[in-house]
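Taking it in order: structure first as structure tokens, then the write-up.
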Amino acid sequence: MQRFSNDDLGRILRDCAGEADAPAWDEDVLDTAFTDLGYDSIAILETTSRIQQEFGIRVEDEAVADLDTPRAFLEHVNDVSAAHSE
Amino acid sequence: MFDPSPYRSQIAAECDFDPYREGLTRREVGRMDRVAQFAAVSADQCLADSGLDARTLPRERTGTSVGTAVGCTMSLDHEYAVVSDEGREWTVDPAYGVPHLFDYMVPSSIVREVAWRSGAEGPAAVISTGCTSGLDAVGHGAAAIREGAADVMLAGAADAPISPITVACFDAIKATTPDNDEPESASRPFDLRRSGFVLGEGGAMFVLEELGHARRRGARIYAEVAGFATRSNAYHMTGLRPDGREMAEAVRTALDQARLNTDQIDYINAHGSGTKQNDRHETAAVKRVFGDRAYTTPMSSLKSMVGHSLGAIGSIEIAASVLAIRNDTVPPTANLREADPECDLDYVPLTAREQRTDTVLSVGSGFGGFQSALVLNGKGGEG
Amino acid sequence: MAAAVTGLGIAAPTGLGIEDCWSAMLDGRSAIRTVSRFEAERYPVRLAGQVPDFVPSEHVPKRLLPQTDRETRLALMAAEWALEDAGVDTGQRDEYDMGVITASTSGGFEFGQGELQKLWSKGPGYVSAYQSFAWFYAVNTGQISIRNGMRGPSGVLVSEQAGGLDAVAQARGQLRRGTGLLVTGGLDASICPWGWVAQMARGDMSRERHPERAYLPFDRAASGYVPGEGGAVLVLEESEAVRERGQHSYGTIAGYGATFDPAPGSGRQPGLRRAIEVALADAGMEPEEVGVVFADGAGLPEADMAEALAISAVFGARTDPVPVTVPKTMTGRLYSGGSALDLAIALLCLDRGVIPPTANVTDPVPGLRLDLVLGEPRPAEPASALVLARGHGGFNSAMVLRASDTAPH
């Protein structure tokens with residue numbers, strides 16, 4: 001199963017909601033809050049819906065609200081993906 | 001109205017509406033989107049109720065003001081599927097464009113229907129401020145009378161948003177409820193287990209009249225539009241800050257205009273959409289203005305029963321508020337069984353309450369950041 | 001008190017910004033061309049006035065690009081320019097003392113097409129969350145208020161081509177009720193296949209292939225109208241406050257009147273004449289005092305005749321005829337943006353003392369009794385202007401502008 005990477009997240013966010021407020025989308029952004037990167041709740045909703053379309057990974061509504069950094073988001077998406085493929 | 005099975009939210013509050021039974025002709029039904037039909041039928045009803053008719057209406061001094069959030073979206077949705085061959089063609093086929101397509105694109109066609117059938121030839125406006133359109137259209141109508149642009153205004157709102165595109169976009173932002181199993185109890189404003197709004201549809205229109213004009217002809221007066229204000233939150237197109245500051249500002253301004261203080265408001269008709277953020281936001285706004293009085297002023301949400309008909313709901317709520325004054329009874333918030341601790345006001349749970357009701361504050365909140373407040377005063381109207 | 005216009009932001013087919021647009025219009029340079037925004041080959045109507053050289057990422061924060069239609073991007077840019085032109089620092093003002101009231105005709109229609117296509121071709125799960133607001137009629141007011149931190153009274157009006165005037169009139173009402181600054185105007189942009197087919201359904205777009213022969217209001221060869229995109233944003237402030245801060249004003253909104261035409265077959269008169277009379281009465285002016293009329297100019301023989309009759313009914317008794325012009329012959333009809341742009345151009349006309357011409361019209365219908373400004377700009381020092389707009393379905397709006405006495409000439 002292909003892992004959902006930070007690059008994937010950066011690309012989808014950029015596509016759904018424009019460039020982040022960060023010098024580059026790299027390791028440094030992992031623990032920065034989405035809101036500090038300039039992404040609001042709709043940007044995250046758009047992103048989860050795009051991930052479902054592209055990767056077939058479904059992130060439940062209830063979980064999204066607590067995923068406030070790229071690291072938390074990535075971990076959750078990959079957990080869901082792993083649980084699904086088991 | 002369509003198969004909801006592919007959608008997250010699959011329930012809605014639909015009107016049992018037969019345009020022919022309501023007196024529209026085949027030709028009218030043929031050219032009007034459902035939203036225009038709602039507006040037309042509501043206009044006929046309010047005119048009949050007012051005692052004015054085509055002969056007695058001062059045509060050139062009668063204006064029209066109709067609110068709608070999404071206009072003729074049902075027709076646009078359907079016709080797009082036709083011209084694009086269900087989304088297969090980007091450069092869509094003009095041969096399949098129906099003659100009324102421009103009228104569907106531009107919702108000013110809705111007010112045209114109201115003006116034509118009533119004979120109103122004064123200023124006409126479609127007010128489209130999202131989900132506050134229904135309050136704002138009445139506010140606009142009252143302002144036109146105050147400014148002397150008209151003696152009579154047919155004002156109100158309509159929306160018919162139960163179409164695939166609207167349901168899909170509310171699914172996407174998760175504003176509507178996913179609780180599809182028990183439709184009647186799915187709209188639960190202020191309840192701990194509320195999960196979003198239920199889409200609705202409909203319309204309500206009013207005859208607004210300059211007070212002297214109404215008295216001279218011996219009209220029955222339901223209430224006075226005593227105050228109206230709108231503010232923007234300038235925060236987010238869909239999000240609300242929990243502090244309710246801008247709605248509070250609109251309420252304060254509307255009360256000032258009405259020369260009423262918070263002690264004199266008998267009932268608050270809430271926006272109460274049943275989304276997590278709205279109900280908190282609104283509760284905070286009312287507390288900000290009313291202070292301790294917030295806890296003893298009944299406030300309820302009609303959307304618990306009729307759903308959220310976007311631009312129309314503000315006018316439907318004004319109609320309910322007018323009836324609350326008429327009947328000295330305030331409507332309940334249905335389905336409110338366990339209040340959210342953050343929503344700790346008197347929301348008139350489950351059953352209507354008989355109480356002296358002379359003054360009502362109705363508030364609304366809409367995408368785009370719109371915050372509106374309208375004050376009705378039933379005192380002195382017939383005196 | 002008076003409602004002074006202190007800032008203009010223009011996004012028109014004839015140019016971005018005041019100077020580009022104004023100089024093109026004085027030169028009579030029409031921007032009507034074959035549609036380039038999509039493959040128009042299959043359509044019987046192919047001409048439009050398109051806003052040229054607009055690069056969204058240069059004018060709109062990148063974060064807003066995925067959630068905005070073209071009309072909103074243009075509106076955000078025009079609003080920024082208008083505020084800059086007015087010398088307003090929004091951060092220094094009371095946020096509740098600034099409001100936004102705009103007109104729209106079709107909302108973010110191109111954005112809507114994209115989402116409708118996803119809905120029908122792929123399914124509801126593919127529809128964007130941004131569809132919940134990016135297409136609707138209120139989007140420009142909402143986005144402008146957010147971008148500029150304006151928390152005062154807001155509004156959105158939809159009355160097709162009349163909308164630009166109706167929005168400014170509502171803004172004037174809020175100014176009178178005490179709000180210090182209003183950002184207002186109108187802007188539309190729906191030159192996409194879906195919008196094109198919807199506009200064609202009216203049946204009154206010109207099918208003429210030559211751009212200079214396609215939109216000829218009051219001409220014997222009038223054959224319909226050409227649509228366009230764009231519009232203008234205006235900043236309105238109370239005139240005393242403007243004087244106090246030493247800010248230039250283009251002129252004031254002196255009067256406004258709006259009527260609605262009776263239903264067809266009623267035998268009653270159309271309402272444009274009455275709208276003009278109401279606007280003049282509202283301004284406290286006599287017909288003799290009007291220096292120039294910016295006509296609606298439908299480009300259809302019957303509607304042109306009706307407008308000419310309304311104008312001559314009000315102004316016919318004058319010894320000197322009132323100059324009448326239709327600069328929108330160079331842009332096409334921009335819907336709500338069209339009447340807002342007419343206001344902006346009329347204010348520049350008052351401010352700069354020259355009347356922009358009606359382009360391409362060379363053979364006016366005999367007997368119209370209009371003093372049309374044709375071909376060349378006409379030097380004049382009009383003290384006031386009347387702007388007319390008719391919206392599809394029966395809307396008639398008229399607005400009287402007065403030259404600013406503080407305007408430097």
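The values are calculated or read from the model by the stated rules, or taken from the named source; none is laboratory data. What you see is a predicted model; the values in this text were computed from it and never measured. Note that each Cβ is placed from the backbone with ideal geometry, even for glycine, and that neighbours are counted across all protein chains shown. These area figures cover heavy atoms from the full protein model, side chains too; ligands, DNA and RNA do not enter into them. Shrake-Rupley method; radii C 1.70, N 1.55, O 1.52, S 1.80 Å.
Under the condition of being surrounded by fewer than 16 Cβ atoms within 10 Å (Cβ to Cβ), among the polar types (S, T, N, Q) and within 14 Å of another protein chain (Cβ to nearest Cβ), the residues counted in segment C:91-105 number 0. Looking only at residues of segment B:62-71 that are of a type outside the set (S, T, N, Q) and within 9 Å of another protein chain (Cβ to nearest Cβ), we find that the one that is nearest to residue B:310 (Cα to Cα) is B:69. In the set (1) touching a strand residue (DSSP E or B) at 6+ places or on another chain (Cβ under 6 Å); (2) more than 20 Å from residue B:220 (Cβ to Cβ), residue B:377 fails one condition alone, (2).
The requirement of being open to solvent by less than 10 Å² (accessible area, probe 1.4 Å), over 18 Å from residue C:389 (Cα atoms), more than 14 Å from chain B (Cβ to nearest Cβ) and among the hydroxyl-bearing types (Ser, Thr, Tyr) is fulfilled somewhere in segment C:202-210, by at least one residue. Among the conditions (1) within 14 Å of chain C (Cβ to nearest Cβ); (2) touching a residue at least 24 places away in the same chain (Cβ under 8 Å); (3) surrounded by fewer than 22 Cβ atoms within 10 Å (Cβ to Cβ), residue B:192 misses just one, which is (1).
Number of residues in segment B:72-97 that are part of a loop (DSSP other than H, G, I, E, B) and more than 7 Å from chain C (Cβ to nearest Cβ) equals 4.
Checking A:57, A:42, A:51 one by one, the residue that is open to solvent by less than 20 Å² (accessible area, probe 1.4 Å) and under 22 Å from residue B:235 (Cβ atoms) is A:42 and no other. Taken over segment C:331-362, the residue count meeting the criterion of being open to solvent by 10 Å² or more (accessible area, probe 1.4 Å) and aliphatic (A, V, I, L, M) is 1. When segment C:144-169 is filtered for residues that are more than 7 Å from every other protein chain (Cβ to nearest Cβ), surrounded by 24 or more Cβ atoms within 10 Å (Cβ to Cβ) and either in a helix (DSSP H, G or I) or hydroxyl-bearing (Ser, Thr, Tyr) (or both), the ones remaining, listed by number, are C:144, C:163, C:164, C:165, C:167, C:168, C:169. Scanning segment B:34-61 for residues that are within 12 Å of chain C (Cβ to nearest Cβ) and surrounded by fewer than 15 Cβ atoms within 10 Å (Cβ to Cβ) gives a single hit, B:54.
Between B:137, B:149, B:172, the distinction of being farther than 14 Å from residue C:194 by Cα, more than 7 Å from chain C (Cβ to nearest Cβ) and in a helix (DSSP H, G or I) belongs to B:137 only. Against the criterion of being open to solvent by 10 Å² or more (accessible area, probe 1.4 Å), closer than 25 Å to residue C:270 by Cβ and under 24 Å from the mean Cα position of the chain (by Cα), residue B:31 qualifies.
In the set (1) surrounded by 18 or more Cβ atoms within 10 Å (Cβ to Cβ); (2) in contact with a Leu (Cβ under 8 Å, 6 or more places away or on another chain); (3) outside any strand (DSSP E or B), the condition left unmet by residue B:368 is number (2). Among the residues of segment B:307-327, none is identified as farther than 15 Å from residue B:269 by Cβ and surrounded by fewer than 18 Cβ atoms within 10 Å (Cβ to Cβ). With respect to (1) surrounded by fewer than 24 Cβ atoms within 10 Å (Cβ to Cβ); (2) within 7 Å of chain C (Cβ to nearest Cβ); (3) in contact with a helix residue (DSSP H, G or I) (Cβ under 7 Å, 6 or more places away or on another chain), the lone exception for residue B:120 is condition (1). Among the residues making up segment B:98-118, those that are over 24 Å from the mean Cα position of the chain (by Cα) and over 26 Å from residue C:139 (Cα atoms) are B:98, B:99. Just one of (1) out of contact with any strand residue (DSSP E or B) (no Cβ under 6 Å at 6 or more places or on another chain); (2) open to solvent by 30 Å² or more (accessible area, probe 1.4 Å); (3) of a type in the set (D, E, K, R); (4) under 30 Å from residue C:140 (Cα atoms) trips up residue C:282, so point out which. Here residue C:282 clears every test but (1).
Look at residue A:85 and say whether it is polar (S, T, N, Q) and open to solvent by 60 Å² or more (accessible area, probe 1.4 Å).
yes
The residue list C:74, C:64, C:8 contains one member that is outside any loop (DSSP other than H, G, I, E, B), surrounded by fewer than 23 Cβ atoms within 10 Å (Cβ to Cβ), not acidic (Asp, Glu) and not assigned by TED's automatic domain parsing to the domain that holds residue C:336, which is C:64. Of the strands (runs of 3 or more DSSP E) that lie entirely inside segment C:293-404, those containing 2 or more residues that are out of contact with any Ser or Thr (no Cβ under 9 Å at 6 or more places or on another chain) span C:384-391.
For residue B:82, the test of being more than 30 Å from residue C:278 (Cα to Cα), free of Cβ contacts under 8 Å to residues at least 60 places away in the same chain, open to solvent by 20 Å² or more (accessible area, probe 1.4 Å) and not hydroxyl-bearing (Ser, Thr, Tyr) is passed.
Within segment C:256-271, the set of residues being under 26 Å from the mean Cα position of the chain (by Cα) and surrounded by fewer than 22 Cβ atoms within 10 Å (Cβ to Cβ) comprises C:262, C:263, C:269, C:270.
Of the helices (runs of 4 or more DSSP H) that lie entirely inside segment B:240-319, those containing 1 or more residues that are free of Cβ contacts under 8 Å to residues at least 60 places away in the same chain span B:245-258, B:276-290. You will find that of C:253, C:191, the residue that is crowded, with 24+ Cβ neighbours inside 10 Å, within 14 Å of chain B (Cβ to nearest Cβ) and either assigned to a loop (DSSP other than H, G, I, E, B) or basic (Lys, Arg) (or both) is C:191 and no other.
Any residue at all in segment A:33-54 that's within 14 Å of chain C (Cβ to nearest Cβ), in contact (Cβ under 8 Å) with a residue 40 or more places away in the chain and of a type in the set (A, V, I, L, M, F, W, C)? Among the residues of segment A:33-54, at least one is within 14 Å of chain C (Cβ to nearest Cβ), in contact (Cβ under 8 Å) with a residue 40 or more places away in the chain and of a type in the set (A, V, I, L, M, F, W, C), which makes the answer yes. Could you say whether any residue in segment C:20-27 is on the phi > 0 side of the Ramachandran plot, modelled with pLDDT of 95 or more and touching a helix residue (DSSP H, G or I) at 6+ places or on another chain (Cβ under 6 Å)? Looking through segment C:20-27, none of the residues is on the phi > 0 side of the Ramachandran plot, modelled with pLDDT of 95 or more and touching a helix residue (DSSP H, G or I) at 6+ places or on another chain (Cβ under 6 Å). When residue C:34 is tested against (1) of a type in the set (Val, Ile, Thr); (2) touching a residue at least 60 places away in the same chain (Cβ under 8 Å); (3) open to solvent by less than 50 Å² (accessible area, probe 1.4 Å), only condition (3) is not met.
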